[in-house]
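The values are calculated or read from the model by the stated rules, or taken from the named source; none is laboratory data. These figures come from a predicted structure and were not determined experimentally. Please note: Cβ atoms are built from the backbone with ideal geometry, for glycine as well, and neighbour counts cover all protein chains shown.
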Amino acid sequence: MRHMLDIADWSIEELQWLMDTADDIIAKPEDYANAMVRKKLASLFYEPSTRTRLSFEAAMLELGGSVLGFSEASSSSASKGESVSDTVRTVSCYADIIAMRHPKEGAPTVAARYSSVPIVNAGDGGHNHPTQTLADLLTIRREKGRLQNLVIGFCGDLQFGRTVHSLLTAMSRYQGVKFVLISPEELRIPAYLRENMLKAQVPFSEVQKLEDVIKSLDILYMTRVQRERFFNEADYVRLKDSYILDKQKLALAHSQLTVLHPLPRVNEISQSVDSDPRACYFKQVLYGKFMREALILKLLEAKA
Ligand code: NCD
């Protein structure tokens with residue numbers, strides 16, 4: 001059975017199929033309105049979420065299916081000590097597909113071992129977030145017309161930002177992509193990702209100042225400093241405002257820059273940037289729903 005646990009498990013061709021399908025859903029939503037009638041999506045969210053959970057649920061509803069689930073661990077039997085494996089065995093009796101977000105890295109992979117239905121990783125700790133990457137890929141393809149030959153800057157919390165880890169992994173496979181990794185020393189990407197890039201000879205540089213490199217970028221992917229993953233509050237307070245993209249900094253960038261952010265934002269993008277045509281983070285939100293529709297279709301088709 002197919003799951004969506006890590007974006008690296010999905011081939012370039014499969015990702016292309018998902019993007020083509022999402023484009024087709026955007027063009028002809030009525031063709032898909034009954035695709036999932038009588039099918040159920042369970043959303044098991046052990047961590048807070050706005051976009052990921054609601055877009056999964058909206059995606060299933062738009063396909064004619066229904067949704068059930070919980071939005072916090074405290075309202076599930078996890079609060080009584082139930083394991084992820086027992087919860088998933090239970091929920092697979094009720095639902096056809098499960099989207100799970102969990103603070104523990106690898107929890108959705110464990111869930112997949114016990115589930116009789118496809119599992120989607122909707123974010124596992126500071127590790128991966130493959131369905132945000134689906135939203136990001138479609139946004140890049142629609143905005144830039146390509147996924148190759150791009151200079152992509154990731155800025156902010158590259159250590160704990162799981163959306164960065166998944167998108168970096170996905171984009172490393174496209175020809176001619178270069179990365180500029182912009183972060184404070186303490187929030188650089190994890191060593192295993194740096195090793196993967198070196199092994200695959202993916203070009204990248206690591207810098208600390210956004211102003212020095214913004215002009216060279218085709219895409220700027222801003223991120224929030226992940227407060228919930230810090231061991232102490234003082235470090236968070238010291239680092240939280242390391243980068244703030246405002247009109248002045250944006251004025252240094254290319255007119256064709258695409259600014260992305262997985263959201264939620266705190267301070268790292270000033271609201272005055274929202275009206276700039278280069279700001280694409282709310283398009284990303286919308287495209288995320290269509291990519292999740294495509295993913296549900298693919299996973300449930302594969303299961304049938
Ligand atoms: C991200 C997440 O949960 O990792 N949000 C999202 O799903 N779009 C980013 C974040 O929380 O900063």
Unique residue being of a type in the set (A, V, I, L, M, F, W, C) and crowded, with 21+ Cβ neighbours inside 10 Å when the list is Leu61, Leu68, Leu41
Leu41
Sort out which residues of the stretch 98-118 are more than 17 Å from Trp17 (Cβ to Cβ) and more than 16 Å from the ligand (Cβ to nearest atom), and write them in order of number.
Ile98, Thr109, Val110, Ala111, Ala112, Arg113, Tyr114, Ser115, Ser116, Val117
Do the conditions hold for Ser55, that is, is it buried (at least 18 other Cβ atoms within 10 Å of the Cβ), hydroxyl-bearing (Ser, Thr, Tyr) and either within 24 Å of the chain's Cα centre (by Cα) or more than 14 Å from the ligand (Cβ to nearest atom) (or both)?
yes
Filtering strands (runs of 3 or more DSSP E) wholly in the stretch 173-228 for at least 2 residues that are in the same structural domain as Leu150 (by TED's automatic domain parsing) and surrounded by fewer than 18 Cβ atoms within 10 Å (Cβ to Cβ) gives 204-207
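Anything in the stretch 119-144 that is away from the ligand (no atom under 16 Å from the Cβ) and in a helix (DSSP H, G or I)? List them, or say none.
Across the stretch 119-144, the qualifying residues are Arg141, Arg142, Glu143, Lys144.
Okay, residues lined up against (1) among the hydrophobic types (A, V, I, L, M, F, W, C); (2) in contact (Cβ under 8 Å) with a residue 60 or more places away in the chain:
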position	(1), (2)
Phe204	yes, no
Ile214	yes, yes
Ile219	yes, yes
Asn232	no, no
Tyr236	no, no
Lys249	no, no
Leu257	yes, no
His261	no, no
Ser270	no, no
Determine which single condition Ser76 fails, assuming it passes every other condition in (1) polar (S, T, N, Q); (2) away from the ligand (no atom under 14 Å from the Cβ); (3) out of contact with any strand residue (DSSP E or B) (no Cβ under 7 Å at 6 or more places or on another chain).
(3)
Please enumerate the residues belonging to the stretch 19-35 that are in a loop (DSSP other than H, G, I, E, B) and aliphatic (A, V, I, L, M).
Ala33, Ala35
Select from the stretch 221-249 the residues that are more than 21 Å from the chain's Cα centre (by Cα) and either among the aromatic types (Phe, Trp, Tyr) or modelled with pLDDT under 95 (or both) and list them in ascending order.
Phe231, Asn232, Glu233, Ala234, Asp235, Tyr236, Val237, Arg238, Leu239, Asp241, Ser242
If the requirement is being farther than 25 Å from Ser55 by Cα, in contact with an Asp or Glu (Cβ under 9 Å, 6 or more places away or on another chain) and of a type in the set (S, T, N, Q), which of these qualifies: Gln159, Gln201?
Gln159
Working only within the stretch 267-287, note down all residues that are modelled with pLDDT of 95 or more, part of a loop (DSSP other than H, G, I, E, B) and of a type outside the set (Asp, Glu).
Ser270, Ser275, Pro277, Arg278, Cys280
Could you say whether any residue in the stretch 2-13 is in a loop (DSSP other than H, G, I, E, B), under 24 Å from Leu168 (Cβ atoms) and among the basic types (Lys, Arg)?
yes
